[in-house]
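The values are calculated or read from the model by the stated rules, or taken from the named source; none is laboratory data. Computed from a predicted model, the values in this text were never measured in an experiment. Cβ atoms come from the backbone with ideal geometry, glycine included; neighbour counts cover every protein chain shown. Just so you know, the surface numbers come from the protein's heavy atoms only, side chains and all, with ligands and any DNA or RNA stripped out. Shrake-Rupley method; radii C 1.70, N 1.55, O 1.52, S 1.80 Å.
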Amino acid sequence: MSKEVMEYDAVIVGGGPSGLATAIKLKQLDSNLNICLLEKGSEIGAHILSGNVFETKALDELIPNWKELNSPVKTKVTKEKFLFLGRHKSLSWPTWLLPSVQKNHKNYIISLANLCRWLAEQAEKLGVEIFPGFPASEIIYNQDGSVKGIATQDMGVDKDGNKKDSYQPGMELYAKVTVFAEGCRGHLGKQLIKKFNLDEGKNPQQYGIGFKEIWEISEKNHQEGLVMHTAGWPLDNNTYGGSFVYHAENKQIFLGYVIGLDYKNPHLSPFDEFQRFKTHPAIKKIIEGGKRISYGARALIEGGIQSLPKMFMPGALLVGCNAGTLNMPKIKGSHTAMKSGIIAAETINEHIKENKDLSIYEEKFKRSWAYKELYAARNIKPSFGWGLIPGIIFTGIDQILFRGKLPFTLKHKHADHETLKSANKMPKIDYPKYDNIITFDKTSSVYLTGTNHAENQPVHLKLTNPNLPIDYTLDKFDEPAQRYCPVGVYEIQRENNKAKFVINSQNCIHCKTCDIKEPSQNINWVTPEGGGGPKYGNM
Amino acid sequence: MKILVAVKRVIDYNVQVRVKEDNSGVVTENIKMSTNPPDDNAVEEAVKIKESGKVKEVIAVTVGEEKAQETVRKALAVGVDRGIHVKSEGILEPLAVSKILQKIVEKEKPDLVFMGKQAIDDDCNQTGQMLAALLNWPQATFASKIVVKDKSLEVTREIDEGLETIEVNIPSVITCDLRLNEPRYASLPNIMKAKKKPLEQINVADLGVDTKPRIEQIKVEEPPKRKSGIKVANVAELVQKLKNEAKVI
């Protein structure tokens with residue numbers, strides 16, 4: 001059955017900072033353009049999770065009077081700290097010795113979800129049609145192979161693929177240019193990168209998994225505007241990662257942990273590293289007596305320009321972290337994502353009006369400040385492949401002495417799914433029990449995300465080979481999906497000495513970690529029914 | 001015939017509700033809000049009856065702050081013809097809402113009023129009943145099946161003893177159970193069309209209704225946390241613990 005069709009000048013897939021910036025800029029350039037933005041979450045912001053210390057550079061360009069428009073960018077960074085953690089001790093690193101990319105004195109502590117909600121209001125005022133609850137599930141191609149648009153997901157299909165009474169077929173949305181703004185590891189972006197060989201000649205993309213909790217803490221421990229980062233414990237020197245503690249308004253702190261998904265030990269549980277991190281005396285004393293009010297996790301891009309794919313193809317553009325514009329050493333990506341969206345909008349406008357080729361997008365991007373800062377930061381993440389201490393020493397030389405201008409570029413050698421070593425060759429990690437005060441289990445954590453998927457729908461985590469988890473991955477890697485999934489979607493259940501691989505897909509918070517880290521790339525994340533997934537508040 | 005459906009904007013049922021630190025209520029800022037789930041069933045049933053040809057017009061009404069009109073827009077996107085938004089700030093008690101709805105009924109003269117059996121935020125389960133009393137109309141609550149007859153409705157209600165079937169004359173007030181039907185999804189084109197359907201805004205002050213609260217809320221607290229369980233070794237230990245510690249036998 002052919003689907004109903006709607007046509008637009010531009011269709012944008014994803015309501016994060018890059019997609020919304022694209023939409024707003026397009027309408028600013030020409031208010032007559034028909035722009036449609038789709039979001040898989042039940043509302044804009046529902047699937048947004050970020051630290052976030054926000055640099056306003058791109059927002060200043062997009063909406064210069066944002067301060068007058070009651071934007072949720074309010075809490076200025078007032079103080080910074082950097083701690084090296086040992087098991088019991090901590091060492092404060094003088095901030096004057098931090099590379100300038102890690103200085104935040106002009107930035108703001110924000111909730112990116114709230115910023116996106118506000119950006120969506122601005123976009124709607126300009127006439128952008130925003131549809132939350134409608135995932136783009138499929139790419140539609142023209143006969144010449146160029147991207148024609150996307151199709152939205154059918155609603156009301158049961159777990160076996162049959163139509164329910166509530167069945168509502170998806171639609172096809174065609175556009176002069178389709179913009180993919182799905183964020184890190186977008187499931188359509190992944191297909192496009194493969195089909196158009198966009199990553200040809202690039203290093204394998206690098207990812208991390210980021211956790212975030214919001215805590216309401218006692219007044220005496222709260223210092224609004226304080227930004228603190230840590231490195232070291234509980235991770236060993238060969239695992240890339242660190243924490244953030246941002247003191248936001250209303251006595252809240254944003255507490256998080258990022259671990260590079262190139263970790264080698266299959267016994268490592270990123271979730272448990274984060275929980276354990278909170279028991280360090282330097283952290284515990286901040287949150288003690290407080291209350292955890294939110295939890296979430298999301299994969300993020302760490303590859304930088306070495307792994308940045310070509311961002312254009314016939315009929316379509318990749319923006320933000322669907323391409324990979326995050327600046328990892330800076331621990332920021334919202335500003336570069338928005339900048340890529342602004343440039344994409346300028347490109348689309350010139351493409352429509354003057355028939356210019358979409359390749360000008362990448363030329364413009366390479367001339368922008370966003371690319372310059374990604375270039376300067378390019379060698380930091382790969383240098384940590386030598387271990388924490390050499391990485392820090394190199395970073396000091398690279399950033400403080402040479403300001404990112406060393407005449408060589410270090411490479412990312414492996415994709416994250418290739419880095420795991422055999423389970424029997426790596427040490428098991430004995431994680432402490434959860435105390436339900438400072439540390440919590442996955443079940444009570446997923447509860448805080450408000451995650452739900454309509455019952456009786458097809459499983460949206462597809463196994464290419466359904467037998468592989470038990471026949472191979474369990475034996476070889478002790479099935480790491482049990483540990484890398486931040487909400488316990490994957491379980492090994494044993495009955496009568498027979499192991500069974502269970503997928504609790506209704507708990508999925510759309511972080512995409514499984515799609516990235518599964519050693520055989522056997523798990524494919526596809527869009528569930530619209531509106532499913534987490535319902536994050538001010539994450 | 002004409003049906004008026006009342007819809008309420010509440011905190012989404014998936015969201016874990018959090019009590020404000022000063023115990024004055026629950027946190028609603030930056031939280032996903034949705035239509036009260038049984039109100040969706042009321043909308044669905046009204047639209048179904050309209051599609052069967054027995055009803056000419058379905059009107060959706062909501063009472064609340066500016067953003068409450070999202071619930072009316074959602075109803076418009078699944079087949080409701082037009083909407084009314086009565087603007088008001090702050091918490092309204094069921095009696096005040098009933099009085100507001102009474103005014104809307106007097107103005108619109110519907111033959112039937114549908115709404116959810118109760119709202120999932122305050123769980124009052126009073127508005128439909130109070131409205132029926134104010135209008136002096138018959139009521140059927142907890143409807144799990146509705147059959148439209150000539151001048152009456154046959155309504156099946158789920159009660160403790162089983163299923164009760166009653167007949168109510170038209171006009172009447174019906175409150176709907178979750179089991180009544182499965183609400184449909186709004187399609188993209190219908191959401192767009194819904195943006196162009198008429199939505200009238202009325203200030204609550206213009207209705208001349210006394211909305212003053214009759215109840216003083218002292219404080220809101222979280223329910224006590226359940227203590228984690230323990231495993232016992234045998235039946236004897238269980239009996240001993242039930243007797244001496246839990247003191248239930």
Exercise for the section: Quickly run through the stretch A:60-74 and pick out the residues that are closer than 16 Å to A:Asn104 by Cα and either crowded, with 18+ Cβ neighbours inside 10 Å or of a type in the set (A, V, I, L, M, F, W, C) (or both). Expected result: A:Val73
Exercise for the section: Under 7 Å between Cβ atoms, at least 6 apart or on separate chains: pull out the pairs that start in the stretch A:351-363 with a residue that is within 18 Å of A:Val319 (Cα to Cα) and end on any residue that is assigned to a helix (DSSP H, G or I) and open to solvent by 30 Å² or more (accessible area, probe 1.4 Å). Expected result: A:Leu358/A:His351; A:Ile360/A:Glu350
Fill in the blank from the handout: Of the candidates A:Ile48, A:Ile44, the one satisfying the condition of being within 14 Å of chain B (Cβ to nearest Cβ), open to solvent by 20 Å² or more (accessible area, probe 1.4 Å), closer than 30 Å to A:Lys212 by Cα and aliphatic (A, V, I, L, M) is A:Ile48
Fill in the blank from the handout: Scanning the stretch A:412-436 for residues that are farther than 28 Å from A:Arg185 by Cα, assigned to a loop (DSSP other than H, G, I, E, B) and open to solvent by 60 Å² or more (accessible area, probe 1.4 Å), the one nearest to the other protein chains (Cβ to nearest Cβ) turns out to be A:Asn436
Handout entry: Residue that is farthest from the other protein chains (Cβ to nearest Cβ), among those in the stretch B:147-178 that are open to solvent by 20 Å² or more (accessible area, probe 1.4 Å) and in contact with a helix residue (DSSP H, G or I) (Cβ under 8 Å, 6 or more places away or on another chain)
Key = B:Pro171
Exercise for the section: Being closer than 30 Å to B:Gly90 by Cβ, open to solvent by 40 Å² or more (accessible area, probe 1.4 Å) and touching a Pro at 6+ places or on another chain (Cβ under 9 Å) narrows it down to one of B:Gln139, B:Gln118, so name that one. Expected result: B:Gln118
Practice task
Give the stretch A:437-496 a look and list any residue that's open to solvent by 50 Å² or more (accessible area, probe 1.4 Å) and of a type in the set (Asp, Glu), or say none.
Solution key: A:Asp441, A:Glu455, A:Asp471, A:Asp475, A:Glu491, A:Glu495
Exercise for the section: For A:Thr152, state whether it is among the hydroxyl-bearing types (Ser, Thr, Tyr) and open to solvent by less than 30 Å² (accessible area, probe 1.4 Å). Expected result: yes
Fill in the blank from the handout: Within the stretch A:168-193, residues being buried (at least 20 other Cβ atoms within 10 Å of the Cβ), within 14 Å of chain B (Cβ to nearest Cβ) and acidic (Asp, Glu) number 0
Practice task
Could you list, in sequence order, all residues of the stretch A:273-327 that are within 16 Å of the chain's Cα centre (by Cα) and farther than 18 Å from A:Phe365 by Cβ?
Solution key: A:Tyr295, A:Gly296, A:Ala297, A:Arg298, A:Ala299, A:Leu300, A:Glu302
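Residue by residue, here is whether (1) open to solvent by 50 Å² or more (accessible area, probe 1.4 Å); (2) assigned to a helix (DSSP H, G or I); (3) out of contact with any Leu (no Cβ under 8 Å at 6 or more places or on another chain); (4) on the phi < 0 side of the Ramachandran plot holds:
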residue	(1), (2), (3), (4)
A:Lys364	no, yes, yes, yes
A:Arg378	no, no, no, yes
A:Ile389	yes, yes, yes, yes
A:Asp398	no, yes, no, yes
A:Leu410	no, no, yes, yes
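Table: residues versus (1) open to solvent by less than 20 Å² (accessible area, probe 1.4 Å); (2) in contact with a strand residue (DSSP E or B) (Cβ under 8 Å, 6 or more places away or on another chain); (3) over 24 Å from A:Cys511 (Cβ atoms).
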{"position": "A:Ile209", "(1), (2), (3)": "yes, yes, no"}
{"position": "A:Lys212", "(1), (2), (3)": "yes, yes, no"}
{"position": "A:Ile217", "(1), (2), (3)": "yes, yes, yes"}
{"position": "A:Lys220", "(1), (2), (3)": "no, no, yes"}
{"position": "A:Leu226", "(1), (2), (3)": "yes, yes, yes"}
{"position": "A:Ala231", "(1), (2), (3)": "yes, yes, no"}
{"position": "A:Leu235", "(1), (2), (3)": "yes, yes, no"}
{"position": "A:Gly242", "(1), (2), (3)": "yes, yes, no"}
{"position": "A:Ala248", "(1), (2), (3)": "yes, yes, no"}
Problem - Some residue of the stretch A:154-164 being within 11 Å of chain B (Cβ to nearest Cβ), at pLDDT 95 or above and not in a strand (DSSP E or B) - result: no
Practice task
Hey, could you check the stretch B:1-57 for residues that are among the hydroxyl-bearing types (Ser, Thr, Tyr) and crowded, with 20+ Cβ neighbours inside 10 Å and say which is farthest from the other protein chains (Cβ to nearest Cβ)?
Solution key: B:Thr35
